[in-house]
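Trainee: Below is the structure I would like to discuss, written out as structure tokens.
The values are calculated or read from the model by the stated rules, or taken from the named source; none is laboratory data. Because the structure is a prediction, the values reported are computed rather than measured. Cβ coordinates were reconstructed from backbone atoms using ideal geometry, including for glycine residues, and neighbour counts include every protein chain displayed. Ligands, DNA and RNA are stripped out before the accessible areas are found, and what is left, the full protein with its side chains, is counted by its heavy atoms. Shrake-Rupley method; radii C 1.70, N 1.55, O 1.52, S 1.80 Å.
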Amino acid sequence: MGVEAGEDESGRGVRMSDDYHSDYSRLSNSMLSRLKESPIKYRDEYILGKRGEQTESMLLGSMIHCRVIEYDEFPKRYAVAPACDRRTTKGKETWAAFIAEHPSVEVVSDKLYERAACASDALLEHDQFSTVLSLFETGVEIEQRIDFDWFGTPARCKQDIVLPNLVTPT
């Protein structure tokens, strides 16, 4: 089980599918962190499959990540809910039309979108961070999954950015 990162038309790496996060066949840092936090929570989440609901903070982080690293994907994953009163006939019609136009995206509030936009814009305007982002133009890989064995245990990790030729062999 698991998914490898692919490439889009520009040759840049593309987002891992959500299969990465639901692949429990290999140990991950998140799994180890959950086990350290609470063996019961680990059992519930990774053995019994009782995953917690996505929090607003988790959604915000995903939105910021997408806006910064996978900007072209943002409108394919998120849509800002229209301002309408869904208790009225007109509001119900507006909402139904919106949902019909955006059947497979995460609907977010305008306030949450503004928070994500402000945070991602601040990152993009930061000198050091923008230097790292400029490396995307050189063909670095993003969202790269790495499967490996760790002392005989199947494990996995995902790097946001893989920078080529940073380390030279000795």
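Trainee: In whole Å, what three semi-axes, largest first, describe the equivalent ellipsoid of the stretch 93-146 built from its Cα gyration tensor (square root of 5 times each eigenvalue)? Before the final figure, lay out the partial values.
Mentor: Details: eigenvalues 204, 61, 15 Å².
Working through the eigenvalues yields semi-axes of 32, 17, 9 Å.
Trainee: Explain nothing, just compute: Karplus ³J(HN,Hα) = 6.51 cos²θ - 1.76 cosθ + 1.60, θ = phi - 60°, for every residue of the stretch 72-78 in order, whole Hz, x for Gly and Pro.
Mentor: So the Karplus estimates, Gly and Pro as x, are 5, 7, 3, x, 7, 10, 9 Hz.
Trainee: Greater than 25 Å separation of Cα atoms is the criterion. Which listed pairs, Lys36/Lys76; Lys36/Lys158; Lys50/Lys111; Lys111/Lys158; Lys90/Lys111; Lys50/Lys158, meet it?
Mentor: The answer is Lys36/Lys76; Lys50/Lys111; Lys111/Lys158.
Trainee: Tell me the per residue accessible area of the stretch 67-170 using a 1.4 Å probe; a whole number in Å² is fine. If you can, show how the numbers build up before the last one.
Mentor: Details: 7260 Å² over 104 residues.
It amounts to 70 Å² per residue over the stretch 67-170.
Trainee: Rounded to the nearest 0.05, what FRET efficiency do Leu123 and Leu48 have when you use their Cβ-Cβ distance and R0 = 45 Å? Walk me through the numbers on the way to the answer.
Mentor: Working: r = 37 Å, r/R0 = 0.82.
Step by step, r from the Cβ atoms, then E = 0.75.
Trainee: Ok, one more. Treat each spin label as a single point 7 Å out from the Cα along the C-beta direction, and report the Leu135 to Leu112 distance in nm.
Mentor: Between Leu135 and Leu112, the label points sit 3.1 nm apart.
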